[in-house]
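The values are calculated or read from the model by the stated rules, or taken from the named source; none is laboratory data. The model shown is predicted, which means the values in this text are computed figures rather than measured ones. Backbone-built Cβ (ideal geometry, glycine too); neighbour counts: all protein chains shown.
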Amino acid sequence: MSLWGGWGVWDWFDDNWIQTQQAVRLFVAAIVLVLGLTAIEVSHIDIERTSLLLRLPLTIVGLLGILSLFFLWIGMWRYWIRLDSSRTWPKRISFALLLLGFWYGACVYCLLIYIPQVNSKRTIP
């Protein structure tokens, strides 16, 4: 039984699935969307003055980016809690990174901890 019942966000990720290459690819795509969303936000684009041709992809990146924020952050927390095999100090630092860095911390954690651990587990027979 899950912490929040059968419909909780915690149940989005299975421990076996989160260690697959499909999951790695989806998390990397989520990082790209989060960074794309950040670039759009920082650029201060006046959406009312842009053409429909530009507005449509910006809207799609915006919507997918917001979903990616939560997908990435919750997925990296799930991995950290259940499967992260880091030593004590790196695990403490990554806890602070995930807690204080939100999705940007999740991006860094994904690139520096999650992907190398998943890839190293995959190469071991």
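Condition check ((1) over 24 Å from Asn16 (Cβ atoms); (2) part of a helix (DSSP H, G or I); (3) under 14 Å from the mean Cα position of the chain (by Cα); (4) of a type in the set (S, T, N, Q)) across all residues:
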residue	(1), (2), (3), (4)
Glu48	yes, yes, no, no
Pro57	yes, yes, no, no
Gly65	yes, yes, yes, no
Leu69	yes, yes, yes, no
Asp84	no, no, no, no
Tyr109	no, yes, yes, no
Test: Tyr114 is of a type in the set (Phe, Trp, Tyr), part of a helix (DSSP H, G or I) and over 18 Å from Trp17 (Cβ atoms): no
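Is it fair to say Leu56 is at pLDDT 95 or above, on the phi < 0 side of the Ramachandran plot and either β-branched (Val, Ile, Thr) or surrounded by 10 or more Cβ atoms within 10 Å (Cβ to Cβ) (or both)?
Details: at pLDDT 95 or above: no; on the phi < 0 side of the Ramachandran plot: yes; either β-branched (Val, Ile, Thr) or surrounded by 10 or more Cβ atoms within 10 Å (Cβ to Cβ) (or both): yes.
When the stated conditions are applied, Leu56 does not pass them.
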Qualifying residues in the range 66-78 (those that are closer than 12 Å to Phe27 by Cα and of a type outside the set (A, V, I, L, M)) - the one surrounded by the most Cβ atoms within 10 Å (Cβ to Cβ): Ser68
Arg92 closer than 18 Å to Asp14 by Cα and modelled with pLDDT of 90 or more: no
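Would you be able to tell me the number of residues in the range 15-46 that are part of a loop (DSSP other than H, G, I, E, B), of a type outside the set (S, T, N, Q) and surrounded by 12 or more Cβ atoms within 10 Å (Cβ to Cβ)?
Going through the range 15-46, the residues part of a loop (DSSP other than H, G, I, E, B) turn out to be 15-16, 20, 44-46.
Retained after the next criterion (residues that are of a type outside the set (S, T, N, Q)): 15, 44-46.
Remaining after also requiring surrounded by 12 or more Cβ atoms within 10 Å (Cβ to Cβ): 45.
The qualifying residues number 1.
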